[in-house]
Amino acid sequence: MADEAKAKGNAAFSAGRFEEAIRYFSEAIDLAPTNHVLYSNRSAAYASLHRYAEALADGRKTVEIKPDWSKGYSRLGAAHLGLGNHEEAIAAYQKGLDLDPNNEALKSGIADARAAANRSRKPSAASPFANIFQGPEVWAKLTADPSTRAYLQQPDFVKMLQEVQKNPNNLNLYLQDQRMMQVLGVLLNVKMRDSTRDEMESDFPEPEKKRPQAETTNKAPHKTEPEPEPEPMEFTDEVKEAKQRKAEAQKEKEKGNTAYKKKDFEEAINHYTKAIELDDEDISFLTNRAAVYLEMGKDAGNTLLKYEKISLMMDHSLEGKLKKLATMKNKKGWEKKSEYEDCIADCDKAVERGRELHSDFKMIARALTRKGSALVKVAKCSKDYEPAIETFQKALTEHRNPDTLKKLNDAERAKKEAEQQEYYDPKIADEEREKGILLDLDIILFHTLIRESGFNVKRILGDSESFTYSNRAACYTKLGALPEGLKDAEKCIELDPSFSKGYTRKGAVQFFMKEYDKALETYQEGLKHDPKNHELIDGVRR
């Protein structure tokens, strides 16, 4: 029961329904009060709603139950940071790093805490917006405006606004929230513009506004001594050179954007690389180059695949086809890894450099999202999706973008589907990882084996006829040809009722066809012949 409530809480958290997530995690805690992970997850949900006091309590409970778990200190540090307790946040993150020195979340957290601590030590003037949040007319304005009326129904936003009214300096804590920016626009009578940007940035300078000429009057000008014009500011050679290099870097970026739109990827990479060499303080060059590598990874090997498939189908002998398949598997073009690895490397550099330069959090989120997309592309089994899911979650902590959230949900769905497939045949993940075989290549192989002599394994390997039908049923199952797979599995059982593999094949097909009652009967029938068969036992449990 606790695991079920936890799973519902995780799903709600991933979808951004934090109140719902807190409710499920609380139910799970009632059922398993010593489970440190539940307190950690609820702390994250509280922090997402800016309820840092509750997040701190859960963070403390987490490290109390599991003091050697580094993630607990990450939750504790985030809560302290949200409350403005910078030194406590640094101490919490440091404890976590003592346990796990390579934890990226802890490294990022302690860097943010130190930066916040440095900013707090500098003398700061009172907020220029201190007065606009005072008085009852604030609520009336927000209720009257259709763009902010719905916010007043959101408890986390109401609490955020109340905290700003108590202490206007708290406004700096919530400026990253788009709702607060919209409220500022309403209270200041300023039209706020959406800040979303295209996938590939285009930096166009705004035209300079012309100043209105002073009105002429008929009065005689008063004779005064002409004021001396200010002397133009002189820049050092180093400053001039730096400005020139930045300007050249932007030109290279624009050329790269143009080449990318034309799908001239090699040319785009050359321009972005030149931009990076000219100016290493703009991480958009790295994220743009990563986007190119990501697109190249999608196309890598497609040309090879096209011609190799033609060659494969032209060879009419089974032996010749199998030899070509073996050759194709060993070619690097089939792996499609190098471009994705380059994409991941560029994204890592962008995040690292962005942290150093205190770059816009949206840019860092974009780099993390691209990295997650590349990790999904190279995933071959369920475990390979875990770093991608973690990366998307990190991106959402930087900036809650709908596209990133969709990619996270897709990755979690793909992981679940892979787990179901591996549950049926656990060897699949290990075999694919070791051999580097692509799924489309496996499909070609299965088509080939099925066509050639009706997959006559008896003739090739000297096995029994029931074994022949069992293997062909497995091929049909992987191809998604479930009716044909069911037919071969039933034929296998008919030929040898004591052959347990026939029952596992039939049960798997019925399971994928969602005929769960029939699948259960099949697995139970197989256990009568082989009571200790693990595949049949797992099938009944499933």
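The values are calculated or read from the model by the stated rules, or taken from the named source; none is laboratory data. Model, not experiment: these values are computed from the prediction. Don't worry about glycine lacking a Cβ; one is built from the backbone with ideal geometry, like all the others, and counts go over all protein chains shown. Just so you know, the surface numbers come from the protein's heavy atoms only, side chains and all, with ligands and any DNA or RNA stripped out. Shrake-Rupley method; radii C 1.70, N 1.55, O 1.52, S 1.80 Å.
Which FRET efficiency, nearest 0.05, do Asp68 and Leu520 yield, Cβ-Cβ r, R0 51 Å?
Values: r = 42 Å, r/R0 = 0.83.
Result of the calculation: an efficiency of 0.75.
For Arg17 paired with Asp348, estimate the spin-label separation in nm (one decimal), with each label point 7 Å from Cα along the Cα-to-Cβ line.
So the two model labels end up 3.7 nm from each other.
Any chance you could look up the accessible area of Met181 with a 1.4 Å probe, heavy atoms only, rounded to 10 Å²?
Roughly 60 Å² of Met181 is accessible to a 1.4 Å probe.
Order Phe361, Phe133 by their accessible area, 1.4 angstrom probe, all chains in place, largest first.
Listed by decreasing accessible area, they come as Phe361, Phe133.
Ignoring ligands and nucleic acids, what accessible area does Arg23 show with a 1.4 Å probe (Å², nearest 10)?
Using a 1.4 Å probe on the heavy atoms, I get roughly 120 Å².
Dividing the Cα radius of gyration by the Kirkwood radius, what Rg/Rh value follows for region 136-188? Before the final figure, lay out each step's value.
Values: Rg = 10.1 Å, Rh = 11.1 Å.
Dividing the radius of gyration by the Kirkwood radius yields 0.91.
Calculate the all-directions average of the projected area of region 1-40's alpha-carbon convex hull, and give it in nm². Provide the component values of the computation, followed by the final result.
Numbers: hull surface 9.0 nm².
It is 2.3 nm².
Provide the solvent-accessible area of Asp68, counting protein heavy atoms only and rolling a 1.4 Å probe, rounded to the nearest 10 Å².
So the heavy atoms of Asp68 present about 100 Å² to solvent.
Where nothing but the Cβ of Lys and Arg (+1) and of Asp and Glu (-1) is charged, how large is the charge dipole of region 344-421 around its Cα centre, in debye to the nearest 20?
Numbers: 17 positive and 14 negative charges, 30 e Å.
So the magnitude is around 140 debye.
Run the numbers for Asp30 and Glu266: contour at 0.36 nm per residue of separation, minus the present Cα-Cα distance, in nm. Show your work: numbers first, answer last.
Working: separation 236, 0.36 × 236 = 84.96 nm, distance 5.71 nm.
Once the chain is fully extended between Asp30 and Glu266, it gains 79.2 nm.
Check Cys381: other-chain or 5+ apart residues with amide H under 5 Å from its amide H, H built from backbone geometry?
For Cys381, whose amide H was placed from the backbone, there are no distant partners under 5 Å.
Between Asp177 and Val158, what length in nm is gained on full extension when 0.36 nm per residue of separation is reduced by their alpha carbon distance?
So the chain would gain 5.5 nm between Asp177 and Val158.
If DNA, RNA and ligands are ignored and the probe is 1.4 Å, what is the ranking of His534, His80 by accessible area, most exposed first? If you can, show how the numbers build up before the last one.
Working: His534 140, His80 20 Å².
Largest accessible area first, the residues go His534, His80.
Relative to the compact-globule scaling 2.2 N^0.38 Å, provide the ratio for the alpha-carbon radius of gyration of region 1-121.
Numbers: Rg = 14.1 Å, N = 121, 2.2 N^0.38 = 13.6 Å.
Normalised Cα radius of gyration, region 1-121: 1.04.
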